[in-house]
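Where a number appears in this text, it was derived from the coordinates with a stated rule and is not lab data. A quick note: this is a predicted structure, and the numbers were derived from the prediction, not measured. Cβ sites come from the backbone with ideal geometry, for glycine too, and all protein chains shown count toward neighbours.
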Amino acid sequence: MPIRMVPDENKGQNEQRNIPRNKQGGSGLGGILSFLPMILGFLIKKPKLLMLLLAIGAIWYFTKDGCMNNIADVSNQETDLTKGATLDPDEFDKAEVFTPLAETSKNVLPERVSLQQYCPTRKNQGYQGSCVGWASSYAARTIMEAKATGKSPNSVAFSPSSLYNQIALPNCQGAYINKAMDVMRQRGVLPWNDFPYDESSCSSKPNSAGLQKMANYRTRGYNRLTVNEDPRGAIDLLAIKQNLAQGAPVVIGMMVGGSFMQGMQGQELWQPSRNDYNMRGFGGHAMCVIGYDDYKEGGSFQIMNSWGNEWGKDGFGWVRYNDFQYFTKEAYGLYPMGDAKKQSPTKFEMAFGLVQNNGGEYIPIRQVANNYFETSSSIAKMTKFKIEVANTIDCYTYIFGAEVNNTSYVLFPYTAKHSPYCGITGTRIFPRDHSLLADNEGNKDFFAILVTKQPIDYESVNKAINNASGNNYTEKVNNALGRVLKRGVKFQGNGKNIGFSTDTNGEEAIAMIIGVNKR
């Protein structure tokens, strides 16, 4: 029987958005509640005292933390500061799930990162619910362009309207963030000067010439940044930091209201009140995460807003990690687009290894011939393992398995929502919430790792492998790839990992077929 993909034991355990400690709403009575029966028994005998205490309690409840003021704030502030992100788990679920780098010593992150130098002037979206266009096009896309070209952010700023007007919901009051991500990847956006912002209308669309020009400013793609495939699960803070550390901004959909509104004017850090955690009167708002600092208030993210430079400090604000995870419902990491200050890698370099789930030990592998490898010794049947992949340049990784009759099947991506893209370079151990299983039938299993610079139709490749000639799985894979296969690749190993470094024209694929000996 072949290698199988099986879910990890903790798969499906949904990370909870717990209210940060000591921030919960409520009375704050704590342990006094344990004495409640005795207290009530006493007060029943003293009805006048009971009425007095109830009156005092009511006054305290409705004035604590500015509760009455907060209710007024919700109605007043909503008219002054407009949001507009429609947050829907079903829409969020349509985005591919990002596979983050492993949290090991091989992927040490900086303690602080900021992309503020690449941000354009903070402007105000006004009364139009166009925050999705501002966070995605004006903020995130401009940041990437300024970083990639080395030009002034204001000189390369992109129009929020060129994006938002294509995806706006009725009456210009909102949009889905994933729709914005799709448009930026498929069509692109226009520079600000080519499509100025008009808060009074969202009916104008780019003309044919504009659509043609937009194609020059497409993004490379995006991923959903969640701790697992559940769109209602927690946002992955580590994945956000990994994106930022490699120059990629993150667009978020966050529930905001209360003290986040006018109460943040002139304030650097958002410190939610107890009532804020109830999120009464809150609504979805899109913003761009541009940095983080592990030592600021115990760890915080830096956010660029679209409410002018009066909000926060010059239009920027900080949110503590715990608060960020609690209030943020969606997060999208954009694929990096280069850095004008750094020379792009010219070599396609990569290393891979097999890591046992139990103990984290490497399964030794050796090269047998060309691009065929085997485990140096037999592993126990029913062993679960993952694949460690280290890349220095962005690429796509796919895994195919061989049935006992040499027919092929797709192992990874194991669903269409799992992204094969490895754009954040470093070391990954994947699949994240699944493992490869060497079952208890037979003595040898085979699978293939395929690495490309461009995305491929992996289902078509799998079909080609099945239709290819060959006496074994290695021959079928190589014959199926044909001229696309990069030949003559020199692999090097150290007993634990196998690596390669080669030139590529960007259209070629590197294939590695592994035989797993079992006992």
Likely footprinting exposure, Thr346, Thr474, fewest C-beta neighbours within 10 Å first: Thr346, Thr474
Residue-normalised 222 nm signal for the chain, counting each DSSP H run of n ≥ 4 as -39,500 (n - 2.57), nearest 500 deg cm²/dmol, is -6000 deg cm²/dmol
Can you tell me the length gained on complete extension of the stretch Gln343 to Asn309, counting 0.36 nm per residue apart and subtracting the Cα distance? 8.8 nm
Given Tyr326, Gly210, Met279, which one lies farthest toward the positive end of the charge dipole of the stretch 80-334, if we put +1 on the Cβ of every Lys and Arg and -1 on the Cβ of every Asp and Glu? Gly210
Multiply the residue gap between Ser152 and Ile456 by 0.36 nm, knock off their C-alpha separation, and tell me the result in nm, one decimal place. 105.9 nm
Gyration tensor on Cα atoms of the stretch 348-517, a ≥ b ≥ c root eigenvalues, a/c under 1.5 rounded, else prolate if a/b beats b/c, else oblate, says rounded
Just tell me which lysines come within less than 21 Å, Cα to Cα, of Lys83; anything on the same chain fewer than 8 places away is out. Lys123, Lys179, Lys313, Lys329
Would you pull out the residues with amide H under 5 Å of Cys422's amide H, same chain only if 5 or more places away, H placed 1.01 Å from N? Cys395, Tyr396, Thr397
For the stretch 80-334, just the Cα atoms, rotate onto the principal axes and tell me the three extents in Å, largest first. 48, 42, 36
Given backbone amide H placed at 1.01 Å from N, residues whose amide H is under 5 Å from that of Val250, ignoring those fewer than 5 places away on the same chain, are Val289
Expressed as a rounded percentage, what relative contact order does the stretch 348-517 have, with Cα pairs under 8 Å and six or more residues apart? 32
Cα to Cα, under 20 Å, and not fewer than 8 places away if on the same chain: which lysines meet these conditions relative to Lys476? Lys444, Lys463, Lys486
Picking from Leu411, Ala380, Ala438, whose Cα lies most toward the positive end of the charge dipole for the stretch 348-517 (charges on Cβ: Lys, Arg +1; Asp, Glu -1)? Ala380
With only Lys, Arg, Asp and Glu charged, each at its Cβ (+1 for the first two, -1 for the last two), find how big the charge dipole of the stretch 348-517 is about the Cα centre; round to the nearest 20 debye. 140
Can you run phi through the Karplus equation (6.51, -1.76, 1.60; θ = phi - 60°) for the stretch 151-168 and list ³J(HN,Hα) in whole Hz, with x for Gly and Pro? 8, 4, x, 5, 7, 10, 4, 9, 7, x, 5, 4, 8, 4, 5, 8, 10, 4
For Gln265, what residues show an amide H to amide H distance below 5 Å, using hydrogens built from the backbone and excluding near sequence neighbours? Gly312
Can you sort Trp270, Trp134 from fewest to most other Cβ atoms within 10 Å of each residue's own Cβ? Trp270, Trp134
Inter-centroid distance (Cα atoms) of the stretch 328-390 relative to the stretch 265-309, Å: 36
Using the crude model of +1 on Lys and Arg Cβ and -1 on Asp and Glu Cβ, and no other charge, please compute the dipole size for the stretch 140-294 relative to its Cα centre, in debye to 20. 460
Projected area averaged over all directions for the convex hull of the alpha carbon atoms of the chain, nm², comes out at 29.4
Cβ charges +1 (Lys, Arg) and -1 (Asp, Glu), total dipole of the chain, debye: 460
Mind pulling the angle between the C-alpha long axis of helix 177-186 and the longest principal axis of the chain? Nearest 10 degrees, somewhere in 0 to 90. 40
Using the Cβ atoms and a cut-off under 10 Å, what net charge is assigned to the surroundings of Lys386, where Lys and Arg are +1 and Asp and Glu are -1? +1
From fewest to most C-beta neighbours within 10 Å, the residues Cys172, Cys202 line up as Cys172, Cys202
How much length would be gained if the chain were fully extended between Glu507 and Lys381, taking 0.36 nm per residue of separation minus their Cα-Cα distance, in nm to one decimal? 41.6 nm
For the chain, the longest principal axis of the Cα atoms and the Cα long axis of helix 458-467 enclose an angle in degrees, to the nearest 10, of 20
Which lysines does Lys342 reach when only Cα atoms under 26 Å apart count, and residues fewer than 8 places away in its own chain are ignored? Lys106, Lys147, Lys151, Lys241, Lys453
